[in-house]
Amino acid sequence: VAKSMKVPVYETPAGWRFFSNLMDSGRCSLCGEESFGTGSDHLREKDGLWAVLVWLSIIAARKQSVEEIVRDHWAKFGRHFYCRFDYEGLEPKTTYYIMRDLEALITDKSFIGQQFAVGSHVYSVAKTDSFEYVDPVDGTVTKKQGLRIIFSDAARLIFRLSSSSGVRATIRLYAESYERDPSGHDREPQVRKQSSFLSLCVSSLLANVELLGALSGVILPPGSKIDSFS
């Protein structure tokens, strides 16, 4: 989308504080997050009222319904399907070893090119990394912001450690796939294909991790949450 509009796009770590420098320097005027929080450079936080007014302005200008606008967007750019699994209440020490071993596994050169089959679709690993962010304004470097597996068809699998739930830790798993073909835009989001994609990839990854005993208590423990939307 940004490329077609000839505007820059910035991928930052989680947290609105990373947007502030971009907005203050005039590099960015629209910010968003995975929970659909949206804001602009008038405020250093998400603004629900502003987001509603923006949508009303778009609807008034285009004279279309929200569904029509979204479908036009999918037709031009394709549709992304996305879901998130939260594994909560985990021992911090356990999550440290999980993330350490997963990073060693996916960043090994031999991992590039590995394939995961889901039904008739084959996901081929094109790139992996431990995401770090370099602030384009002041040069500040923020490391270890998630382990990313990026597939050749733009699908992504991301593992991110979060301690926002208190003394216990949370591992968030994100699965995202891309559908260019309009005939696939109406399929049921994530619940089927994305969950299968995520489960298969995670199972294959964990099969290669030495701490399988500790990990076996992490997969869908009681209280885990699943968020899926697109």
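Do we find a residue being among the hydroxyl-bearing types (S, T, Y) and either open to solvent by 90 Å² or more (accessible area, probe 1.4 Å) or more than 26 Å from A155 (Cα to Cα) (or both) anywhere in the range 72-86? No, because not a single residue in the range 72-86 is among the hydroxyl-bearing types (S, T, Y) and either open to solvent by 90 Å² or more (accessible area, probe 1.4 Å) or more than 26 Å from A155 (Cα to Cα) (or both). Within the range 1-20, being farther than 20 Å from H73 by Cα and open to solvent by 50 Å² or more (accessible area, probe 1.4 Å) holds for Y10, E11, A14, R17. Does S65 qualify as being more than 26 Å from K144 (Cα to Cα) and hydroxyl-bearing (S, T, Y)? Considered against the rule, which asks whether it is more than 26 Å from K144 (Cα to Cα) and hydroxyl-bearing (S, T, Y), S65 comes out as yes.
The values are calculated or read from the model by the stated rules, or taken from the named source; none is laboratory data. As the structure is a computational prediction, the values presented were derived from the model and not from experiment. Note: accessible area is taken over every heavy atom of the protein model, side chains too, but ligands, DNA and RNA are not part of it. Shrake-Rupley method; radii C 1.70, N 1.55, O 1.52, S 1.80 Å.
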